[in-house]
Ligand SMILES: Cc1cc2nc3c(=O)[nH]c(=O)nc-3n(C[C@H](O)[C@H](O)[C@H](O)COP(=O)(O)OP(=O)(O)OC[C@H]3O[C@@H](n4cnc5c(N)ncnc54)[C@H](O)[C@@H]3O)c2cc1C
């Protein structure tokens with residue numbers, strides 16, 4: 001039997017899972033090594049709901065075992081490595097990995113290193129946020145945490161948000177509006193203020209959608225300050241409050257400051273020659289990585305880490321199909337080439353404001369509140385988690 005072609009996939013979230021599952025289904029000639037610092041897939045899309053209303057969604061609806069999702073494949077076809085890639089070495093065509101301690105944290109053995117060779121490499125290391133890293137405001141796991149226990153991080157965030165009565169949200173984008181809508185419905189007295197740098201909420205959405213978001217929040221007694229930025233936010237340990245200074249000169253004292261802005265590329269291990277000025281990976285239309293502007297035939301990138309500006313889950317399935325088709329085409333020498341066009345994907349925004357309503361648009365079509373509830377608000381898309389886990393979402 002011919003030697004299997006080795007494909008290493010870096011990152012086991014929506015994008016890395018999509019491409020791994022599709023490759024396994026589409027060719028029997030590849031061996032996939034999927035590397036991710038956690039062995040759980042985190043359906044972070046529902047974070048605004050379960051961080052604020054823990055009882056509304058149990059962890060089984062947003063955390064899934066990655067190894068279990070590949071249990072049908074033998075070890076010579078698929079290996080999961082719980083670790084963090086620290087370097088790509090093209091001289092030896094291998095990646096260096098710091099291996100994680102076991103997930104229960106029962107071992108005191110320090111993390112060890114290993115390396116894995118590849119014929120093809122897929123970079124799906126995504127992005128993180130200042131709030132996820134605890135760099136701004138209350139620490140909230142909006143994206144997967146690295147080696148830390150995601151369940152613990154979620155639980156701590158839920159406790160903090162539950163206890164907070166005065167809350168200031170920095171950012172009037174979809175995440176800021178969604179969190180505000182959930183907090184306005186949460187148990188206990190809460191005074192919520194949203195601060196938006198732009199003169200409207202939901203920048204980039206159509207004007208009717210922006211107006212509806214504002215009106216829905218006002219109706220829920222949420223204060224919205226537009227054209228204002230957060231200049232500084234400092235945690236005062238002795239009072240357990242945040243002092244938040246705004247560009248208007250006003251200072252707020254709150255129990256929780258929630259930073260919803262900022263997207264940081266997970267690129268520490270990626271050669272600088274792959275990155276644009278903002279740190280995202282340049283790709284061509286076949287999603288091959290551009291190394292100093294030249295397409296690499298052995299390396300692809302997919303998902304948030306690419307230089308495509310709309311970092312959305314809705315972009316992942318088509319990108320996954322493109323990368324899988326191109327790797328299969330190369331392995332089986334079929335000469336097929338699939339291309340990805342971000343423009344061909346319709347612009348959409350679906351923003352629940354609380355459990356039963358919200359706003360949004362699909363292209364130029366405005367979505368009524370009941371449709372937002374139906375598409376997203378009722379369960380924050382958690383029904384899609386198993387599909388993304390199995391690379392079956394379209
Ligand atoms: C709160 C929130 C809500 C959102 N809601 C929506 C929505 O409703 N609709 C929508 O379309 N989009 C939404 N998004 C955007 C969506 O989450 C991203 O587009 C999506 O997560 C991108 O998936 P990804 O797999 O490319 O990257 P990520 O989800 O960022 O995953 C990257 C993975 O790579 C791992 N990794 C990082 N570095 C390394 C390394 N060195 N070695 C190994 N593994 C590594 C990470 O741990 C992680 O598991 C939302 C984002 C947030 C923060």
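Read-outs throughout are calculated quantities, based only on the coordinates presented, and are distinct from any laboratory measurement. Here the structure is a predicted model, which is why all the values come from computation and not from measurement. Cβ placement follows ideal geometry from the backbone for every residue including glycine, while neighbour counts extend to all protein chains displayed.
For this structure, a couple of remarks:
- Using 0.36 nm per residue and subtracting the Cα-Cα separation, the extra length available between residue 339 and residue 356 on full extension is 2.3 nm.
- Sorted largest first, extent of the chain alpha carbons per principal axis (Å): 67, 53, 38
- Compared with the dominant Cα axis of the chain, that is its longest principal axis, helix 174-185 is turned about 50°.
- In terms of packing, defined here as the mean over residues of other Cβ atoms within 10 angstrom, the peptides 259-268, 199-208 line up highest first as 259-268, 199-208.
- In summary, the convex hull built on the alpha carbon positions of the range 225-264 has an orientation-averaged projected area of 3.4 nm².
- Shown here are the Rg and Dmax of the Cα trace of the range 139-259, at 14.6, 44 Å.
- The range 230-269 and the range 26-98 have Cα centres spaced 31 Å apart.
- For the chain, the mean residue ellipticity at 222 nm estimated from helices alone is -6500 deg cm²/dmol, where every DSSP H run of n ≥ 4 contributes -39500 (n - 2.57) and the total is divided by all residues, rounded to the nearest 500.
- Size descriptors for the range 116-177 (Cα atoms only): Rg and Dmax, in that order, 15.4, 54 Å.
- Reciprocal mean inverse distance between Cα atoms of the range 233-366 - Kirkwood radius, Å: 18.5 Å
- Ellipsoid semi-axes in whole angstrom, largest first, where each is sqrt(5λ) of the Cα gyration tensor of the range 39-171: 32, 17, 14
- All C-alpha pair distances within the range 321-394, sorted into 5 Å bins from zero, spread as 3, 15, 15, 14, 17, 13, 8, 7, 5, 2, 0 percent across the bins.
- The C-alpha atoms of the chain define a longest principal axis, and helix 316-331 lies at about 10 degrees to it.
- C-alpha long axis of helix 150-163 to longest principal axis of the chain, angle in °: 10 degrees
- Counting all C-alpha pairs of the range 26-72, share separated by more than 14 Å (%): 61 percent
- Residue 250/residue 276 FRET efficiency (R0 35 Å; Cβ-Cβ; nearest 0.05): 0.45
- Segment residue 291-residue 311, length gained on full extension (0.36 nm per residue, minus Cα span): 5.1 nm
- Available extension along the chain between residue 231 and residue 378 is 49.4 nm, counting 0.36 nm per residue and deducting the alpha carbon span.
- Mean silhouette area of the range 1-110, derived from the convex hull of its C-alpha atoms and averaged over all directions, reads 9.3 nm².
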